[in-house]
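Encoded as structure tokens, the structure appears first; notes follow it.
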Amino acid sequence: IGEMLYVHEPLVKYRRHGNNVSFFAGGDDTRSFEHRERRLRWVDEQTVAAYDNMMADLALLHQRGRLSADEFARLQAVARRERDWYATERQLMDAPFGRRLGLIMGVAGRGRVREAFDFLPRALPRPIYRALYEWRRRRTTRSPSPGAEPDRTGARA
């Protein structure tokens, strides 16, 4: 009572992965393209806010001497990169065509060429992007051919 103790290990993990119990963890279960887009906008906004909070936490820890300058710089860089990815995805959803191209070129210009390629379908006009999404969804949800071998996740190829 009256003392503050510091635990020198992370107790909260700021990360997203395929086994999360939220958004798309078990695959895309959205009812429509519009539903998916609304849900993705919300997730991107929440994720950006979480990374903003995490970066503020890191700054406070550094200010209080709990993180070295090197640790702080490394963690801030990782957090900023992840935050920027979700912020860019969110911006690409509603930006006009020229702005979408500018955002993608900006990502590539920062040396993140692979991410820029990942974002390229978002540069397509919305009706074409929607058609591509629907085509990919139909292709991945087709029933397996008879005798198809299960892949390593247990689903049929």
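The values are calculated or read from the model by the stated rules, or taken from the named source; none is laboratory data. Keep in mind that what you see is a predicted model, and the values were worked out from it rather than measured. Cβ sites come from the backbone with ideal geometry, for glycine too, and all protein chains shown count toward neighbours. Note: accessible area is taken over every heavy atom of the protein model, side chains too, but ligands, DNA and RNA are not part of it. Shrake-Rupley method; radii C 1.70, N 1.55, O 1.52, S 1.80 Å.
A Förster radius of 30 Å combined with the Cβ-Cβ distance from His8 to Ala77 puts the calculated FRET efficiency at roughly 0.85.
Under the criterion of Cα pairs below 8 Å and six or more residues apart, the relative contact order for the stretch 76-135 equals 28 percent. In this label model, Leu60 and Arg114 are separated by 3.3 nm, measuring between points 7 Å along each Cα→Cβ vector. Inter-label distance, Arg136 to Asn53: 2.9 nm, where each label sits 7 Å from its Cα along the C-beta direction.
Residues His8, His35, His62, ordered by accessible area of protein heavy atoms at a 1.4 angstrom probe radius and largest first, appear as His8, His62, His35. Using heavy atoms of the protein chains and a probe of 1.4 Å, the accessible area assigned to Phe72 is about 40 Å².
Calculated FRET efficiency, Glu34 to Leu101, Cβ-Cβ distance, R0 = 22 Å: about 0.40 to the nearest 0.05.
State the answer as a single residue: which of Phe119, Met54, Ser32 lies farthest towards the positive end of the charge dipole of the stretch 28-141, with beta carbon charges of +1 for Lys and Arg and -1 for Asp and Glu, about the Cα centre. Of the candidates, Ser32 comes out farthest on the positive side. For Arg74, the shell of other residues with beta-carbons less than 12 Å away shows a net charge of 0, using +1 for Lys and Arg and -1 for Asp and Glu.
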